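Below: the structure, in structure tokens.
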Amino acid sequence: TKQWSHVSITGMNEYELRNNPQADDYTVQDLNVSTALPYSDGAFDIVTCAVSFDYLTRPLEVMREVARVLKPGGMVILSTSNRCFPDKAVDVWLRTSDMEHVLIYGSYIHYAECFEPPE
């Protein structure tokens, strides 16, 4: 059963997006081509990004877009993995450890300069 009133998803694999039972709508988009998310300002209470930043060539721009579409006081949930597709991951991801990946995520949040520090 669905837990949210409306779920929009963005990704690159149309088959997976189309067959996601939680999704009300989806957008196929390569964020390395266009970082502009196709949603209005403050559209979401929660934005999640699952195992994606290791492939982004402009992560700060994407993080700023995440902040733009997030409602004030909303929540961002980022997840990473200890695995990746080496032929697709950005160089910094391949040269750093799992712990450094967490620090990299934190630096994206910090240097995007669009989020308030957590309480």
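The values are calculated or read from the model by the stated rules, or taken from the named source; none is laboratory data. Worth saying up front: this structure is predicted, and the values here are computed from it rather than measured. Here Cβ is always computed from backbone atoms with ideal geometry, including for glycine, and neighbour counts include all displayed protein chains.
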Out of all the residues in the stretch 86-93, is one or more within 18 Å of residue 12 (Cβ to Cβ), β-branched (Val, Ile, Thr) and touching a Ser or Thr at 6+ places or on another chain (Cβ under 9 Å)? yes
Based on this model, can you work out whether residue 10 counts as touching a Phe, Trp or Tyr at 6+ places or on another chain (Cβ under 8 Å) and buried (at least 16 other Cβ atoms within 10 Å of the Cβ)? yes
Over the stretch 75-88, the set of residues at pLDDT below 90 and surrounded by 15 or more Cβ atoms within 10 Å (Cβ to Cβ) is 80, 84
Which pairs have Cβ atoms under 6 Å, sit 6 or more apart or on different chains, and link a residue in the stretch 15-38 that is under 18 Å from residue 5 (Cα atoms) to one that is surrounded by fewer than 11 Cβ atoms within 10 Å (Cβ to Cβ)? none
Residues within the stretch 23-56 that are at pLDDT 95 or above, among the acidic types (Asp, Glu) and under 25 Å from residue 98 (Cα atoms), tallied: 1
